[in-house]
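Next up is a structure, given as structure tokens.
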Amino acid sequence: MLLVLWAIYLGLYASHIVTDADGITVQNSLRRTRIGWGAVADIEMGYQLVVTTADGRRLTCYGGPATGRPSRDARSGDDRASASSGHVVDAWEAGRGPGASTAVTRGWDVPALVALVALVVWAGVAILIAYA
């Protein structure tokens, strides 16, 4: 049952976008990508937010706001800065310029992977105990 809940978390909640003065952090399922504003060449809105980097790579943001759909925060009345696609573009325009970070780093959501390993080990031990 916990493995099912973990999969639901991964599929429905884990993906998200966070912006700050230095760049944008995109988490798609278990993969995290941090892009400095200086490395962002374009931001497009389609069904999902798409960030194009200076080297031509395109990153589709599965946890972000989509055109024609109010954001989760907008529906709840929360005016947090990451609530809309307009904020992402505004943050990009404010953050780019001389001295903007051009770093692009990719990594994994380590806590979610550790939880998965723990759940799989726990399930394995439970099966061994049940059938021993």
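The values are calculated or read from the model by the stated rules, or taken from the named source; none is laboratory data. All values derive from a computational prediction rather than experimental measurement. Don't worry about glycine lacking a Cβ; one is built from the backbone with ideal geometry, like all the others, and counts go over all protein chains shown.
Could you list all residues from region 42-87 that are at pLDDT below 85, surrounded by 14 or more Cβ atoms within 10 Å (Cβ to Cβ) and of a type in the set (A, V, I, L, M, F, W, C)?
Selection gives 45, 66, 74, 83.
Among the listed residues 104, 114, identify the single one that is loosely packed, with under 11 Cβ neighbours inside 10 Å and at pLDDT 90 or above.
Just one listed residue meets the conditions, 114.
Six or more apart or on different chains, Cβ under 7 Å: which pairs go from a residue in region 115-132 that's among the aliphatic types (A, V, I, L, M) to one that's assigned to a helix (DSSP H, G or I)? Could you list them?
So the pair list comes out as 115/6; 116/6; 119/2; 119/3; 119/6; 123/3.
Could you check region 1-64 for strands (runs of 3 or more DSSP E) lying wholly inside it with 3 or more residues that are in contact with a Ser or Thr (Cβ under 9 Å, 6 or more places away or on another chain), farther than 17 Å from residue 96 by Cβ and of a type in the set (Lys, Arg)?
The strands (runs of 3 or more DSSP E) meeting that bar number zero.
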